[in-house]
1. Would you calculate a helix-derived [θ] at 222 nm for the chain, using -39,500 (n - 2.57) for each DSSP H run of n ≥ 4 and dividing by the full residue count, to the nearest 500?
2. Along the range 37-52, what does the Karplus equation 6.51 cos²θ - 1.76 cosθ + 1.60 (θ = phi - 60°) give for ³J(HN,Hα), rounded to whole Hz, x for Gly and Pro?
3. For a quick check: with amide H placed at 1.01 Å from N, whose amide H comes under 5 Å from R153's, ignoring anything fewer than 5 positions away on the same chain?
4. Find out how many positive minus negative residues lie around R122, taking Lys and Arg as positive, Asp and Glu as negative, among other residues whose Cβ is under 13 Å from that of R122.
5. How much of the DSSP beta bridge set in the chain is antiparallel, as a percent to the nearest 5?
6. Exposed loop sites here are trypsin sites (Lys or Arg not before Pro) in DSSP loop states with at most 15 other C-beta atoms within 10 Å. What is the longest stretch of the chain lacking them?
7. What GluC sites (Glu not before Pro) in the range 56-123 are in a loop by DSSP, with at most 14 other Cβ atoms within 10 Å of the Cβ?
8. Please give me the summed charge of the neighbours of E74: other residues whose Cβ is under 14 Å from its Cβ, Lys and Arg +1, Asp and Glu -1.
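The values are calculated or read from the model by the stated rules, or taken from the named source; none is laboratory data. Quantities reported herein were computed from a predicted structural model and do not represent experimental measurements. In this analysis, Cβ positions are derived from the backbone assuming ideal geometry, glycine residues included, and neighbour counts consider all displayed protein chains. Side chains are part of the model used for accessible areas, which takes the heavy atoms of the whole protein and leaves out ligands, DNA and RNA. Shrake-Rupley method; radii C 1.70, N 1.55, O 1.52, S 1.80 Å.
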Amino acid sequence: MTEPVVCALREMRWWDIDPVLELERDLFPEDAWSRGMFWSELAHSRGPEATRRYVVAEADGRITGYAGLVATGEQADVQTIAVARDRWGTGLGGLLLAELLRAATAFECAEVMLECRVDNVRAQKLYERFGFEPIGFRRGYYQPGNVDALVMRLTDPSTSVQGTEING
């Protein structure tokens, strides 16, 4: 692990979409989200009927990571987590995931699901540290590269975030 992350996590807003898209295209060139996808997600992230939680991590005046979650009834789904390459190994991914799990708890979700590329072992290890367990595959989930997804589930997200803090 490299030097621990020191950053501020905050709610993602519309003005963050352009820098988030730059990071998205760098990290996920084949299956990057579009501007419209982020706009759509953020449209459901505020107000009393909110079903989404999206956050960005800022350090030294730039966005170094972002993450999002959607809640439906008693289930939440991690939609995305991304960390700038120069911040890999700093613990930022864990901070972002912990924030999503806090959001799932606030939404009163009993379980959290996610899909992870089968070739992204680093991310799988992060999820496993938080208690996620593999439960299946989705063949050809990531397009256009036709890469399979490992489906993972965490029951009781509230127990996975005890003792985690966000440095700011």
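1. -8000 deg cm²/dmol
2. Karplus values, whole Hz, x for Gly and Pro: 5, 5, 4, 4, 5, 5, 5, 10, 10, 10, x, x, 9, 4, 10, 10.
3. Under 5 Å from the amide H of R153: E133, I135.
4. +3
5. About 90 percent, rounded to the nearest 5.
6. Counting only loop sites that pass the neighbour cut-off, the longest clear stretch is 47-168.
7. Within the range 56-123, the qualifying GluC sites (Glu not before Pro) (loop, at most 14 other Cβ atoms within 10 Å) are E74, E108.
8. Combined, the nearby Lys, Arg, Asp and Glu give -3.
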